[in-house]
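One structure below.
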Amino acid sequence: MTIRNDIPITDDLIASHGLKPDEYQRILDLIGREPTFTELGIFSAMWNEHCSYKSSRKWLRTLPTSGPRVIQGPGENAGVVDIGDGQAVVFKMESHNHPSYIEPYQGAATGMGGILRDVFTMGARPIAAMNALRFGEPDHPKTRHLVSGVVAGVGGYGNSFGVPTVGGEVQFDARYNGNCLVNAFAAGLADTDAIFYSKASGVGLPVVYLGAKTGRDGVGGATMASAEFDESIEEKRPTVQVGDPFTEKCLLEACLELMASGAVIAIQDMGAAGLTCSAVEMGAKGDLGIRLDLDRVPVREQHMSAYEMMLSESQERMLMVLRPEQEEEAEAIFRKWGLDFAIVGETTDDLRFRVFHQGEEVANLPIKELGDEAPEYDRPWVEPKAPAPLGPVPQVDVADALLKLLGSPDLSSRRWVWEQYDTLIQGNSLQIPGGDAGVARVEGHETKALAFSSDVNPRYCEADAYEGGKQAVAECWRNLTATGALPLAATDNLNFGNPERPEIMGQLVHAIKGIGEACRALDFPIVSGNVSLYNETSGQGILPTPTIGGVGLIDDWSKMARIGFAAADEIVVLIGPKGAWGWHLGQSALLREVFGRSEGAPPPVDLAHEKRAGDYVRQLIRDGVATAAHDLSDGGLAVALAEMAMASGIGATVDTWGADEAAAFFGEDQGRYLVTVSRENFGKLHGDPALAVSQIGTTGGSSLKLGNARAISVEELKAAHEGWFPAYMGQ
Amino acid sequence: MIKARVTVTLKNGVLDPQGKAIEGALSALDFSGVGSVRQGKVFDIEVEGSDREAAEADIKAMCEKLLANTVIENYQVEIG
Amino acid sequence: MIKARVTVTLKNGVLDPQGKAIEGALSALDFSGVGSVRQGKVFDIEVEGSDREAAEADIKAMCEKLLANTVIENYQVEIG
Amino acid sequence: MKSAVVLLPGLNRDRDMIAALTKIGGQAPATVWQTDTEIPDVDLIVIPGGFSYGDYLRCGAIAARMPVMRAVAEKAAKGVMVMGVCNGFQILLEAGLLPGALMRNASLNFVCREVKLEVANANTAFTRGYTPGQIIRCPVAHHDGNFFADAETLARIEGESQVVFRYADGTNPNGSLNDIAGVISDGGNVLGLMPHPENLIEAAHGGTDGRALFEGLLGKAA
Ligand SMILES: Nc1ncnc2c1ncn2[C@@H]1O[C@H](COP(=O)(O)OP(=O)(O)O)[C@@H](O)[C@H]1O
Ligand SMILES: [Mg+2]
């Protein structure tokens, strides 16, 4: 059975393609006639939220995206940043939220596949991956199943493909009960003179299809990814795509080999809305038309209609414009790797997107308008409500509270997760997950390395999207800095609820403003990103979750810092802002885990201070003065100290801090770092008059003693920290 | 004691990378005329008792809950 | 076109970590009375032609050469 | 000493292995592709780790039947040293060049972590850089490393000292029988091991415990 192309276009059909009546009117105006069924599919794919960013584009434009090192900002498959010596780092983060909720293993796996393809499409060999995961509350009946499926899927794909996972995030909150988040990050290395783009050039050149065959996978998937879930979710099941990391690995090798041969003029991976998006993008960017002959598309199922082929989201496929004289050479490379290779069309000069199938012209559309004239909305938004003020917080037993936090779902060790990922492959991993940032050596360079971190605190964003957006950027920047890296640039993955609700739109607008301001202040441009909206089930939206993935450069990794105490009898130094600190407990982990409350404003971020403190700490690391470094984040000083102790097996004794120990040890004031220095080097802590640089204790022994609290052995800390995840997952 | 065999296969249209790789390997091994290969799983399960219908119902429940991923797989139960 | 189903199961005595894990998971899901679970594979294969005996011989050869690891697995061929 | 690395689609620790052989041996190994029917004249053939053919069907099963493996078997029969690491080990088992089988990890999960290895037999061409019973650090990264052999085979390989590496100090990551991490052929020239010594050979790796294996092998004993 095949779907015919002359199906009448009814209102229902339009609506089921996610197109609003005014959007359909726009189509009629653009093409001056009723679209065919295939054309309707093409428009729905190009104009849905996922591909067109119609709700967010206006605001995304406000982000800083350039800088002296930025070679390519948003708009290509991935951002490209110069790291010197003729090399560049190519990276991006992308969500695969809805597919992962429906089928966690395959959803997460194909999410990894998609982001890796984005990176190697640009000519870069992937060298590091991260995954930022958010799940519903641990007790929710679906959560365990989602965690195990998603983690297995991320690992199943990334491990087989052969990229080390160097970091990520895992959090739980009831607000993700109906929508988990899977944000996958990948980075690759390329030579600056060998970066490939999607812009086609030259008329009459072959358009080549590469990789795996086309099936009916995910037909309508991009439309689904932009639709709010409701109870009819079951019906959406057959659109699940299955990943094949083996084919992707072959595709990587074949593409890099082909790129090295000089045969590639333009290349674009087939991601959401597959053949449609990739072909339109290549043509539109190059001011060229594209003509496709679907009879030549390698298919793995019989009787596929033009509509299905144009919308299929089968994985591990690419489209390329090739130098005709190197066609044979190209084909031989792909055959060697067991991949399909078919010339499916050509570039034209008529600026039309024309698609032929079984002798019939099934689509003939203006190519520029398909891409450029997508609707853009200035959706109404309202100022988010100010959070309720924080009521009094009782004192706590600092030792008990610390153990409770370390063993809580959000702060416990993620070892159960990252030991399922290959963190060592390629032999360049200098820091695997468990520290502030993952670090990978730049292969072929004696001293250089890249640091990677992924961060956001959705509870902060819920309470104040603007401060939360700033904080996500600042924390990421801080995590990179704490290894000694100079933060270079970032990618953002904006996960929000339904933007047609003004409160949600208000969160998005505020978060973007916060992110933009922080990125500007910290010289940390956004070079790529992804927006995932409609993360909402039965009217309940997720916590606003603008994940920031950052990349930093370490000039000499032999001087890099780690979080573990380096030795006993060293001085523990806390670096932060001068003057009275807020001892900020609003929205803190302490409040939530110990008192079950989530109140108050999140800690404000003073960006000028962040910059100053970060630059100071980085210099201490580079000068070899700091023997260990760690930033303070969730759980404040106590948790940070415990993490340093656990990472090294060395204890510490830290002075008491005034009367309010709860706030002193668990406050989440921003812009703070812990470093350790040897006694001899203590004098070298040159004073920066704008910073408070205080000796707060010493390392040594086998337990952690905080103020007046009872000492806790490092073993006990570790037992609490390492215990939760395996116990929760039943292992 | 009742013995049952559960067979779990991929739904039509769902990509089967394993099957595809096996097809390729068979033809590399000079087996000609092989069309498609689809891979699935079998579970041989022993359950206590002698009520075959109850056992079948139980095993179907196991399939729904654990043995099959009904998003992409079909299953079939035979009581031996 | 001939359709065949090959079933590959572990030999007796060969460790089956997946089967064992499923046993554990089933009892954690409150299915009682589950004795042993052993996991195996099925392959649904289409071969050209109409000679069933030749097809069976061919498929047995595929099993010996590739589909089963006869050190640890048994196989069984059914022509559909 | 000359070496060659076997390349098959889906392998992914080939670059790590080539780097280790090059760094320690001082010269880059030759490479042979899956369809090659001849292997150059070398003293050592290495099959690296990864997911040849996606680990589809059974780990190493499809790879073991590719033409290059016939050539490897011929070389092995002539006494050339052959080492398979991780997927390479699985391929050697599937090719019948080593005894036993590797099943899914007992946890069913992929596992990547550092373990302790006991050098159970230091009297082989591969392990002479270590002392008998020496305990070394070494990373593992695999989904199917759970070594199994029937009782008779197990008794034989134990009796003949064919177990070369064992997981030590309770670090068995996969449920392997007798903590077996690596075995050698009865001829003493084919070694398979699950752990990745090639990922622990320089300061950047945080340790060099894997080095002695390559140094011993490549005749660069420390
Ligand atoms: N899904 C994951 N995959 C890999 N590593 C992870 C994952 N989740 C958390 N981690 C790692 O665990 C450590 C702790 O995470 P987190 O508490 O989010 O760090 P931080 O507070 O420094 O941002 C980090 O090293 C992080 O990279
Ligand atoms: Mg940190």
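The values are calculated or read from the model by the stated rules, or taken from the named source; none is laboratory data. Just so it is clear, the structure is predicted and the values come from calculations on it, not from any experiment. Neighbour counts are summed over all protein chains in view; Cβ atoms, including those assigned to glycine, are modelled from backbone coordinates with ideal geometry.
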Query raised in the report: In this structure, is residue A:666 touching a strand residue (DSSP E or B) at 6+ places or on another chain (Cβ under 6 Å), of a type in the set (Phe, Trp, Tyr) and on the phi < 0 side of the Ramachandran plot?
Result: no
Requested in this report: Report yes if residue A:715 is outside any strand (DSSP E or B) and touching a residue at least 60 places away in the same chain (Cβ under 8 Å), otherwise no.
Outcome: no
Query raised in the report: Somewhere in region A:583-595, is a residue within 22 Å of residue A:682 (Cα to Cα) and away from ligand 2 (no atom under 16 Å from the Cβ)?
Result: no
Query raised in the report: Filtering region A:642-664 down to residues that are in contact with a Leu (Cβ under 6 Å, 6 or more places away or on another chain) and modelled with pLDDT of 95 or more, which residue is farthest from ligand 2 (Cβ to nearest atom)?
Result: A:651
Query raised in the report: Mind checking which pairs have a first residue in region A:629-648 that is away from every other protein chain (no Cβ under 14 Å) and part of a helix (DSSP H, G or I) and a second that is within 12 Å of ligand 2 (Cβ to nearest atom) and β-branched (Val, Ile, Thr), Cβ under 8 Å, 6 or more apart or different chains?
Result: A:643/A:563; A:644/A:563
Query raised in the report: Which members of region A:453-492 meet the condition of being within 12 Å of ligand 2 (Cβ to nearest atom) and either modelled with pLDDT under 95 or of a type outside the set (D, E, K, R) (or both)?
Result: A:453, A:454, A:457, A:474, A:476, A:477, A:479, A:480, A:481, A:482, A:483
Query raised in the report: over 21 Å from residue D:177 (Cα atoms), over 20 Å from the mean Cα position of the chain (by Cα), surrounded by fewer than 18 Cβ atoms within 10 Å (Cβ to Cβ) and at the interface with chain B (Cβ under 10 Å from one of its Cβ atoms), is that true of residue C:61?
Result: no
Query raised in the report: Regarding residue D:162, is this residue farther than 26 Å from residue A:424 by Cα, in contact with a strand residue (DSSP E or B) (Cβ under 6 Å, 6 or more places away or on another chain) and more than 14 Å from chain A (Cβ to nearest Cβ)?
Result: yes
Query raised in the report: Out of curiosity, is residue D:55 surrounded by 21 or more Cβ atoms within 10 Å (Cβ to Cβ), within 14 Å of chain A (Cβ to nearest Cβ) and among the charged types (D, E, K, R)?
Result: yes
Query raised in the report: From the list A:128, A:132, which residue is away from every other protein chain (no Cβ under 14 Å) and within 16 Å of ligand 2 (Cβ to nearest atom)?
Result: A:132
Report summary line: Requiring at least 1 residues that are within 16 Å of ligand 1 (Cβ to nearest atom), the strands (runs of 3 or more DSSP E) wholly within region A:478-568 are A:486-495, A:545-554
Query raised in the report: Quick one: which helices (runs of 4 or more DSSP H) sit completely within region A:1-81 and have at least 1 residues that are surrounded by fewer than 18 Cβ atoms within 10 Å (Cβ to Cβ) and in contact (Cβ under 8 Å) with a residue 60 or more places away in the chain?
Result: A:21-31, A:57-60
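Quick one: is residue A:450 away from ligand 2 (no atom under 15 Å from the Cβ), farther than 30 Å from residue A:726 by Cβ and either of a type in the set (Gly, Ala, Ser) or surrounded by 24 or more Cβ atoms within 10 Å (Cβ to Cβ) (or both)?
yes
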Requested in this report: Being under 23 Å from residue A:646 (Cβ atoms) and modelled with pLDDT of 95 or more is the filter; apply it to region A:671-695 and report the residue that is surrounded by the fewest Cβ atoms within 10 Å (Cβ to Cβ).
Outcome: A:678
**Report entry** Meets criteria (out of contact with any Pro (no Cβ under 8 Å at 6 or more places or on another chain), assigned to a helix (DSSP H, G or I) and among the hydrophobic types (A, V, I, L, M, F, W, C)) for residue A:474
**Finding:** yes
Requested in this report: Look through A:555, A:606 and report the one residue that is modelled with pLDDT of 95 or more, of a type in the set (Asp, Glu), touching a helix residue (DSSP H, G or I) at 6+ places or on another chain (Cβ under 8 Å) and surrounded by fewer than 19 Cβ atoms within 10 Å (Cβ to Cβ).
Outcome: A:555
Report summary line: residue A:461 meets each of (1) within 14 Å of ligand 1 (Cβ to nearest atom); (2) outside any strand (DSSP E or B) with one exception, condition (1)
**Report entry** Selection count where residues are buried (at least 24 other Cβ atoms within 10 Å of the Cβ) and within 17 Å of residue D:122 (Cβ to Cβ), scope region D:166-191
**Finding:** 7
Report task. May I ask you to verify whether residue D:213 is aliphatic (A, V, I, L, M) and buried (at least 24 other Cβ atoms within 10 Å of the Cβ)? Result -> yes
Report task. Pairs only if they're at least six apart or on different chains, beta carbon under 8 angstrom, first in region A:416-440 and within 6 Å of ligand 1 (Cβ to nearest atom), second part of a loop (DSSP other than H, G, I, E, B) and of a type in the set (D, E, K, R); list them, first residue then second. Result -> A:433/A:414; A:434/A:414; A:435/A:562
Requested in this report: Could you please find all residues in region B:39-54 being more than 7 Å from every other protein chain (Cβ to nearest Cβ) and assigned to a loop (DSSP other than H, G, I, E, B)?
Outcome: B:50, B:51
Report summary line: Residue hits (region D:111-146; acidic (Asp, Glu), within 19 Å of residue D:192 (Cβ to Cβ) and within 14 Å of another protein chain (Cβ to nearest Cβ)) are D:144
Query raised in the report: For residue A:441, are the conditions met, namely being at pLDDT 95 or above and either within 16 Å of ligand 2 (Cβ to nearest atom) or within 18 Å of the chain's Cα centre (by Cα) (or both)?
Result: no
Query raised in the report: What residue, of B:36, B:32, is within 11 Å of chain C (Cβ to nearest Cβ) and not in a loop (DSSP other than H, G, I, E, B)?
Result: B:36
Query raised in the report: Which of the residues that make up region A:388-419 are part of a loop (DSSP other than H, G, I, E, B), within 16 Å of ligand 2 (Cβ to nearest atom) and either surrounded by fewer than 18 Cβ atoms within 10 Å (Cβ to Cβ) or within 14 Å of chain D (Cβ to nearest Cβ) (or both)?
Result: A:413, A:414
**Report entry** Qualifying positions in region B:25-56 - crowded, with 17+ Cβ neighbours inside 10 Å and either touching a Phe, Trp or Tyr at 6+ places or on another chain (Cβ under 8 Å) or closer than 30 Å to residue C:52 by Cβ (or both)
**Finding:** B:25, B:26, B:31, B:34, B:37, B:38, B:39, B:40, B:41, B:42, B:43, B:44
Query raised in the report: If we scan region A:350-360, do we find a residue that is surrounded by 18 or more Cβ atoms within 10 Å (Cβ to Cβ), touching a residue at least 60 places away in the same chain (Cβ under 8 Å) and farther than 17 Å from residue A:206 by Cα?
Result: yes
**Report entry** Leading residue by the ranking (farthest from ligand 2 (Cβ to nearest atom)) among those in region A:493-507 that are of a type outside the set (Phe, Trp, Tyr) and in contact with a Pro (Cβ under 6 Å, 6 or more places away or on another chain)
**Finding:** A:502
